[in-house]
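One structure is given here, and the rest of the page talks about it.
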Amino acid sequence: MNVLQADHISIVFGGLKAVDDVTIYAKKGELLGLIGPNGAGKTTIFNMLTGVYAPTKGNIAYVNGSGAEINIKGMQPYKVARIGVSRTFQNIRLFKNLSVLDNMLISMHKDVGYSVFGAITKSGRYLNTEKEFYDKALKILKAVKLDGKKGEYAKNLPYGEQRKLEIARAIATGAEIVFLDEPAAGMNPSETEELADLIQILK
């Protein structure tokens with residue numbers, strides 16, 4: 001069953017056709033690569049698939065865990081994220097002055113089930129939810145070998161580890177589909193090899 005169906009999508013900016021008639025289908029558990037030279041429109045396609053841009057032509061639909069098909073054309077990015085789609089960016093976008101662990105916890109905010117009052121009074125639901133988030137964050141950090149650095153500021157991590165953290169954070173959202181935009185950009189060969197292994201593990 002396809003979880004992503006992008007049919008004949010195109011986008012035009014001021015008369016310039018940046019992407020022309022692209023169709024992408026992806027199945028659950030499938031690992032796909034979008035390959036092309038600089039300026040070919042890869043990031044523009046990602047921006048359409050995640051709601052940053054609405055395609056000029058064509059449709060984009062996701063099929064959620066319940067089997068419901070959701071058309072996201074014109075949907076705002078935060079709403080696309082809520083239906084189970086996450087991404088990383090070419091340029092790392094971490095909360096650099098927060099810890100590694102806090103970067104992970106922030107990614108789970110859409111699943112918070114307690115009120116502001118519950119947080120202030122530390123209700124049972126608040127305590128249970130926070131423990132669940134903490135355990136999930138640590139499990140993912142362990143998978144990417146960053147659990148030993150959970151208390152460090154994100155800005156103090158080496159470049160390759162910042163990339164790992166960004167991917168881990170995308171996974172922590174609970175997304176069914178994760179788009180990685182040039183995840184190996186700026187990495188040395190050793191870091192790139194580690195990243196390839198990591199993607200296979202997370203898959």
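The values are calculated or read from the model by the stated rules, or taken from the named source; none is laboratory data. Quick caveat: nothing in here was measured; it's all calculated off a predicted structure. Glycine also receives a Cβ, built like all others from the backbone with ideal geometry; neighbour counts cover every protein chain displayed.
Per the conditions (1) among the small types (Gly, Ala, Ser); (2) farther than 30 Å from residue 34 by Cα; (3) touching a residue at least 24 places away in the same chain (Cβ under 8 Å), the sole criterion not satisfied by residue 113 is (3). Please determine whether any residue of region 96-103 is within 16 Å of residue 179 (Cα to Cα) and in the same structural domain as residue 170 (by TED's automatic domain parsing). No: region 96-103 contains no residue that is within 16 Å of residue 179 (Cα to Cα) and in the same structural domain as residue 170 (by TED's automatic domain parsing). How many residues, within region 160-199, are in contact (Cβ under 8 Å) with a residue 60 or more places away in the chain, over 17 Å from residue 34 (Cβ atoms) and not basic (Lys, Arg)? Qualifying residue count for the region: 10. Filtering region 66-92 to residues that are among the aliphatic types (A, V, I, L, M), surrounded by 13 or more Cβ atoms within 10 Å (Cβ to Cβ) and more than 16 Å from residue 107 (Cβ to Cβ) leaves 70, 72, 75. Residues in region 132-146 that are farther than 22 Å from residue 93 by Cβ and at pLDDT 90 or above: 5 in all.
Among the residues of region 20-27, not a single one is among the aliphatic types (A, V, I, L, M), closer than 20 Å to residue 91 by Cβ and not assigned by TED's automatic domain parsing to the domain that holds residue 91. Every condition in (1) under 16 Å from residue 199 (Cα atoms); (2) of a type in the set (S, T, N, Q); (3) assigned to a helix (DSSP H, G or I) is met by residue 86 except one, and the failing one is (3). Screening residue 47 with (1) touching a residue at least 12 places away in the same chain (Cβ under 8 Å); (2) not assigned by TED's automatic domain parsing to the domain that holds residue 201 gives one miss only, at (1). Annotation: of all residues in region 156-176 being not in a helix (DSSP H, G or I) and not hydroxyl-bearing (Ser, Thr, Tyr), the one that is nearest to residue 25 (Cα to Cα) is 176.
Scanning region 177-198 for residues that are assigned to a helix (DSSP H, G or I) and either surrounded by 15 or more Cβ atoms within 10 Å (Cβ to Cβ) or outside the structural domain of residue 161 (by TED's automatic domain parsing) (or both) yields a total of 5.
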